[in-house]
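Q: Please see the structure below; I have some questions.
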Amino acid sequence: MAREGGLMAWQWRGYERNHRDRGNLLLHFIAVPAFIGATFALVSCLLHRYWFAAGLSVSVMVIAFVAQAFGHKRESEAPIPFDGPGDFLGRVFVEQFITFPRFILSGGWLRQLQQRSDR
């Protein structure tokens, strides 16, 4: 799927639209750092050949992703469906490592959370 400006720009443009629900915002606040930490743990475990711990790391990554998927179901505007395995991997990893941290640091997460609290 062609995206104007590339994946990161495309994902950022629609991010606030797909992250408005208070529950989803709070789920992401917990699940994204868990996903990031588990990804780094996975790399470390694989390098040290700690196979069981690597399996646990993958499990945490999956649980964190599934939690976010449930959070997205709470949103009034659903995300655009994935366009195959490559699109899935690209979008998931860009969201976890770039877009969501940018959302936090830009103040977007807090703005959305406060707007949800005002209603």
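Q: Quick one: which residue in R3, R13, R22 is in contact (Cβ under 8 Å) with a residue 12 or more places away in the chain and of a type in the set (K, R)?
A: Details: R3 fails: in contact (Cβ under 8 Å) with a residue 12 or more places away in the chain; R13 fails: in contact (Cβ under 8 Å) with a residue 12 or more places away in the chain.
After ruling out the rest, the residue left standing is R22.
Q: Of all residues in region 23-49 being surrounded by fewer than 15 Cβ atoms within 10 Å (Cβ to Cβ) and not hydrophobic (A, V, I, L, M, F, W, C), which is nearest to P101 (Cα to Cα)?
A: G37
Q: In region 94-119, how many residues are open to solvent by less than 90 Å² (accessible area, probe 1.4 Å) and modelled with pLDDT under 90? Before the answer, list the steps.
A: Here is the first cut: in region 94-119, the ones open to solvent by less than 90 Å² (accessible area, probe 1.4 Å) are 94-101, 103-104, 106-110, 112-113, 115-117.
Within this subset, residues satisfying the condition of being modelled with pLDDT under 90 are 115-117.
Result for region 94-119: 3.
Q: Tell me, yes or no, whether region 80-93 has at least one residue that is acidic (D, E) and surrounded by fewer than 16 Cβ atoms within 10 Å (Cβ to Cβ). Explain how you work it out, then say what you get.
A: Keep residues of region 80-93 that are acidic (D, E), which gives 83, 87.
Narrowing the set further to residues that are surrounded by fewer than 16 Cβ atoms within 10 Å (Cβ to Cβ) leaves 83, 87.
Taking every residue of region 80-93 in turn, at least one turns out to be acidic (D, E) and surrounded by fewer than 16 Cβ atoms within 10 Å (Cβ to Cβ).
Q: Among the listed residues R22, R49, which satisfies the condition of being at pLDDT below 95 and of a type outside the set (S, T, Y)?
A: Values: R49 fails: at pLDDT below 95.
Sole residue among the options that is at pLDDT below 95 and of a type outside the set (S, T, Y): R22.
Q: Filter region 10-22 down to the residues that are hydrophobic (A, V, I, L, M, F, W, C) and either open to solvent by 60 Å² or more (accessible area, probe 1.4 Å) or outside any helix (DSSP H, G or I) (or both) and list them by number. Working first, answer last.
A: Our first condition is that a residue be hydrophobic (A, V, I, L, M, F, W, C); within region 10-22, this holds for 10, 12.
The one that is hydrophobic (A, V, I, L, M, F, W, C) and either open to solvent by 60 Å² or more (accessible area, probe 1.4 Å) or outside any helix (DSSP H, G or I) (or both): W12.
Residues are listed down the side, and each one gets a yes or a no for (1) over 11 Å from the mean Cα position of the chain (by Cα); (2) at positive phi; (3) among the acidic types (D, E):
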| position | (1), (2), (3) |
| --- | --- |
| G6 | yes, yes, no |
| G37 | yes, no, no |
| V43 | yes, no, no |
| F65 | no, no, no |
| R74 | yes, no, no |
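Q: Checking K73 against (1) more than 22 Å from G6 (Cβ to Cβ); (2) touching a helix residue (DSSP H, G or I) at 6+ places or on another chain (Cβ under 8 Å), which test does it fail?
A: Going through the list (1) more than 22 Å from G6 (Cβ to Cβ); (2) touching a helix residue (DSSP H, G or I) at 6+ places or on another chain (Cβ under 8 Å), K73 breaks only (2).
Q: When you check F52 against the structure, is it farther than 30 Å from Q115 by Cα and open to solvent by 70 Å² or more (accessible area, probe 1.4 Å), yes or no?
A: Spelling it out, F52 is indeed farther than 30 Å from Q115 by Cα and open to solvent by 70 Å² or more (accessible area, probe 1.4 Å).
Q: Checking the condition under 15 Å from M8 (Cβ atoms), in a helix (DSSP H, G or I) and among the aliphatic types (A, V, I, L, M), which residue from L110, L89 passes?
A: Working: L110 fails: under 15 Å from M8 (Cβ atoms).
Testing whether each residue is under 15 Å from M8 (Cβ atoms), in a helix (DSSP H, G or I) and among the aliphatic types (A, V, I, L, M) leaves just L89.
Q: Does P79 satisfy the condition of being assigned to a helix (DSSP H, G or I), closer than 16 Å to A9 by Cα and out of contact with any Asp or Glu (no Cβ under 7 Å at 6 or more places or on another chain)? I'd like the intermediate steps shown before the answer.
A: Working: assigned to a helix (DSSP H, G or I): no; closer than 16 Å to A9 by Cα: yes; out of contact with any Asp or Glu (no Cβ under 7 Å at 6 or more places or on another chain): yes.
In short, no.
Q: Given the conditions (1) hydroxyl-bearing (S, T, Y); (2) under 24 Å from G108 (Cβ atoms); (3) surrounded by 13 or more Cβ atoms within 10 Å (Cβ to Cβ), which single one is not true for S76?
A: For S76, the failing item is (3).
The values are calculated or read from the model by the stated rules, or taken from the named source; none is laboratory data. Only a predicted model underlies this, so the values are computations on that prediction, with no experimental measurement involved. With ideal geometry, Cβ positions are generated from the backbone for all residues, glycine too; neighbour counts draw on all protein chains shown. Note: areas computed on protein heavy atoms with side chains; ligands, DNA, RNA excluded. Shrake-Rupley method; radii C 1.70, N 1.55, O 1.52, S 1.80 Å.
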